[in-house]
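Computed from the coordinates by the stated procedures, all read-outs in this text should not be read as laboratory data. Since the structure is predicted, the reported quantities are computational estimates derived from the model, not experimental observations. Note that each Cβ is placed from the backbone with ideal geometry, even for glycine, and that neighbours are counted across all protein chains shown.
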Amino acid sequence: MTELEQSIKKYFGTLEQTELQEITALFELEKLKKGDYFLSADCCCDKLSFIQSGFLRVFVETEKKEVTQWIGTKGYFITDLSSFIFNKPARWIIQALTDTEIYTIKKSEYIKMKDFIPKWNELEKLFIINCFSTLEDRIFSHLTMSAEERYHFFFANNKELFNQVPLQYIASMLGMTPETFSRIRKQITE
């Protein structure tokens, strides 16, 4: 079973092998070079992608700074969910931090799945619940953990990012200034 098939089962739920193959056949391999944009703000996001390799940063540019919302890594899906589901302009910019390989399904193909997967509404609901649950977990950690606790928790679960993406992006994603992030990092190494 491919990583894409495993992730579809993980996020969408139980599928028959033939259904799984029909779904994965709708995804096309796409390669992004470091710095390429997957999505620009104010454009409508018409794709959902699975990250096969590399890192994608989800961020917004404000008048004063850039704020990183998420760094997508291997094994995860990426999109601007509100834009993808509701056909409204994207709030987020998504850019490749490294050369990246993704499997992408266009929204037009995604919508067709309900025609050949009888339980598609249930599966899609489970996917959206998984997305919402991930978001809830992030909000919970921001509200209940100190900056140090967030750093330790994130580092324990994402060690590979610390040597492969600019640390200011991780600091922003954790809701810290680069200075606070550096201070915590320094305390750990001493």
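Miscellaneous remarks
- Amide H contacts of TYR76: ILE51, each under 5 Å away and 5 or more positions distant or on a separate chain (H built 1.01 Å from N in the peptide plane; Pro and chain starts excluded).
- Long-range amide H partners of TRP70 with built H, under 5 Å: VAL58
- Residue-count net charge about CYS44 - beta-carbon cut-off 15 Å; Lys, Arg +1, Asp, Glu -1: +2
- Neighbour net charge for LYS31 - beta-carbon separation under 10 angstrom, K R +1, D E -1: -3
- Euclidean distance between Cα centres, the range 102-157 to the range 1-58, Å: 13 Å
- The range 145-190 shape via C-alpha gyration tensor axes, a/c threshold 1.5: rounded
- Across the range 130-139, computed HN-Hα scalar couplings (Karplus, 6.51 cos²θ - 1.76 cosθ + 1.60, θ = phi - 60°) run 4, 4, 5, 5, 4, 5, 4, 4, 5, 4 Hz from first to last residue, x flagging Gly and Pro.
- For percent of Cα pairs over 31 Å apart, computed directly from the structure shown, the correct entry in [x] 17; [y] 11; [z] 21 is [z].
- Placing a label point 7 Å from the Cα of GLU61 along the Cα-to-Cβ direction, the residues of the range 162-180 whose backbone N falls under 19 Å of that point are 166, 168-170, 172-173.
- Charged neighbours of ASP137, selected by a Cβ distance under 15 Å, balance to 0 (K, R count +1; D, E count -1).
- Nearest-20 debye value, the range 145-190 charge dipole, Cβ charges on Lys, Arg, Asp, Glu: 40 debye
- Mean separation of Cα contacts under 8 Å (6+ apart) over length of the chain, as relative contact order %: 24 percent
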